[in-house]
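Values quoted throughout were computed directly from the atomic coordinates according to the rules given, and no laboratory measurement underlies them. Small disclaimer: the values here were computed from a predicted structure and weren't measured. For neighbour counting, all protein chains shown are included, and Cβ atoms are generated from backbone atoms with ideal geometry for every residue, glycine included.
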Amino acid sequence: MRSRSLRLRLILIFGLGTLLLSSLLGTLTFFGVRDVLISQQQQTDLQQSYVNAALIRNTIYTAPLTLDSEVNSIEQSANSTLILRIAGQWQTLSPLVPTVDISAAAMRAANQGHVSTETRTILSDLDYVVGIPMPAIQTQVFEVWQLNGLEHNLRVLLLVIGSAALFTTILGASVGTWVSRRTLRPLVVVSDAAARIAGGDFATRLPTTHAGSEVEQLTESFNTMVNQLVTKLERDARFASDVSHELRSPLTALAMSASIIEQHRDELAPAAQQSLSLLSAEIAVFQGLIEDLIELSRSDAGANSPSLEIISIVELTRQAVRSVARRQGAPEPSVEADPRLDTARVLVDRRRFERIIANLMDNAQHYAGGVTAIRLVPRDAHVEINVDDAGPGIAPADLEHVFERFYRGRAAHDRSVVRGTGLGLALVREHVRSLDGEIRATTSPEGGARFQIDLPLVEVPS
């Protein structure tokens, strides 16, 4: 499972944190306002119940026969329901409110001459019941107030709070996005700089900023690390170059001596002839190693300035393959080019390109039975050159390392199998990169190794 990026996690933290906080505050606000509204409504209803009870008492005293009309008038004006208990008999004008719904506690309080209030819920209806006893006329007045009128206001309040929570969540996520970008900007800069350095741009440094002590410390540490790395690489390259040049002259003398002895091979004993052959072979390998080291040192130092020219990639590839095959004394492998590349041009150094093809073909000739085919395929604004060999392929564990210097795979410890220096493919990669290209190793559909070279195409005015 792929882990989420740090930026996404920061945005989620801000968004979810804002949602949680706004939901909590919204919930507390809703229930707090609800309790206040209900309490205020109950106070108003209680005061009105006292007034209504006084009206009923006066009606019973002065005009008892008009009690029903008075009760009806009160119910219509107050929007409530009155239940009377006169001399132990229940009386109500509304059949929707059964007298049995008056709780035993309210009846007991009325019998004891106490005013009672209670809130009840019947079938999702919220009612407020006020009981007022009037012992002087043997009457108990129970008035039922419906608090459902508050529900509409509460629903509106809930909608407002929910909208506010959604808005604050979006706002929190937006703030999180801004904060994450600002916070992670130094890391993005470091990542880009590290990528450029990994690509060979050792002049890259982080700009000095005043964004905070932590960022300044990171910048200083990073630049110090790069400076030390560059110093070490330069020291190693200089050492390799110095050693190579120091060994070049005595090695040349040794090769000339071996060549002179080779002219008198017939005068040597068989054992001496075999030793001479081994010596000549080792000198040739050593000379190749020295030349490769010198060329890599020049490449690292930027001393090899390319001589660029615009040329047909198909024709250049055919010429390079033909030249290498003639030198190897081997059959010329086929060069298969997509017809769309007939007019394709590249900006390259001819010598470096030929060296790329030569190293790949020599590598295949020595270790993989030779090159089977070279195929050129267009890829958008690039040309892909596939060099396939007849070998068993490259082990998956070695694919990522074949272009490293002195890397010769798992068989490197067997001198009878591997006699290369491990620098040929490293040189190929350096030459390809100097042409603004890329190279990678993979497996050919036929089972052997495939080296893919990507070079940018150039537009040629017609």
**Asked** Phe202 versus Gln112, label points 7 Å from Cα toward the beta carbon: distance in nm?
**Response** 9.7 nm
**Asked** Where the centre of each part is set by its Cα atoms, how far does region 51-79 sit from region 336-382, in angstrom?
**Response** 109 Å
**Prompt:** With each label point set 7 Å from Cα along the Cα-Cβ vector, what nm distance links Asn72 and Val230?
**Reply:** 10.2 nm
**Message:** 5 Å is the cut-off here: which amide hydrogens, built 1.01 Å from N in the peptide plane, fall below it relative to Thr372, excluding neighbours closer than 5 in sequence?
**Reply:** Asp388, Asp389, Ala390
**Item:** FRET efficiency for Phe167 and Val36, using Cβ-Cβ distance with R0 set to 30 Å, rounded to 0.05
**Value:** 0.80
**Fill in**
In whole Å, largest first, the alpha carbons of region 113-171 cover along the principal axes 65, 20, 13
**Asked** Counting only residues 5 or more places away or on other chains, whose amide H sits under 5 Å from the amide H of Leu206 once H atoms are built in the peptide plane?
**Response** Asn223
**Complete:** The exposure ranking of Trp145, Trp178, fewest beta-carbon neighbours within 10 Å first, is Trp178, Trp145
**Message:** Percent of Cα-Cα pairs more than 21 Å apart in region 308-458, please.
**Reply:** 40 percent
**Relative contact order (%) - region 321-401, alpha-carbon pairs under 8 angstrom, separation at least six** = 28 percent
**Message:** 7 Å from Cα along Cα→Cβ at both Leu278 and Ile261: what's the point-to-point distance in nm?
**Reply:** 1.2 nm
**Request:** Compute the Kirkwood hydrodynamic radius of region 335-391, taking the inverse of the mean of 1/r over all pairs of distinct Cα atoms, and give it in Å to one decimal.
**Result:** 12.3 Å
**Prompt:** If one takes the longest principal axis of the Cα atoms in the chain, at what angle in degrees, from 0 to 90 and to the nearest 10, does the Cα axis of helix 424-434 lie?
**Reply:** 60 degrees
**Item:** Helix-only mean residue ellipticity at 222 nm for the chain, each DSSP H run of n ≥ 4 adding -39500 (n - 2.57), per residue, nearest 500
**Value:** -20000 deg cm²/dmol
**Asked** Relative to the longest principal Cα axis of the chain, at what angle does helix 213-263 sit, 0 to 90 degrees, rounded to 10?
**Response** 20 degrees
**Fill in**
Hydrodynamic radius by Kirkwood for the chain, inverse mean 1/r across distinct Cα pairs, in Å, is 32.1 Å
**Complete:** Here the relative contact order (percent) of region 6-153, from C-alpha pairs under 8 Å and at least 6 apart, is 20 percent
**Residue order, fewest to most beta carbons within 10 Å, for Leu425, Leu229** = Leu229, Leu425
**Message:** Based only on other Cβ atoms within 10 Å, what is the fewest-to-most ordering of Phe353, Phe222?
**Reply:** Phe222, Phe353
**Asked** In percent, what relative contact order does the chain have, based on Cα pairs under 8 Å that are 6 or more apart in sequence?
**Response** 10 percent
**Asked** At each listed q (0.08, 0.16 Å⁻¹), what is the log10 of I(q)/I(0) that the Debye formula gives for region 6-153 modelled as equal alpha-carbon point scatterers?
**Response** -0.33, -0.86
**Request:** With everything on Cα atoms, drop me the angle between helix 313-328 and the longest principal axis of the chain, reported from 0 to 90° to the nearest 10.
**Result:** 40 degrees
**Fill in**
With 0.36 nm assigned to each residue of separation and the Cα-Cα distance removed, Asp242 to Asp101 gains 40.0 nm
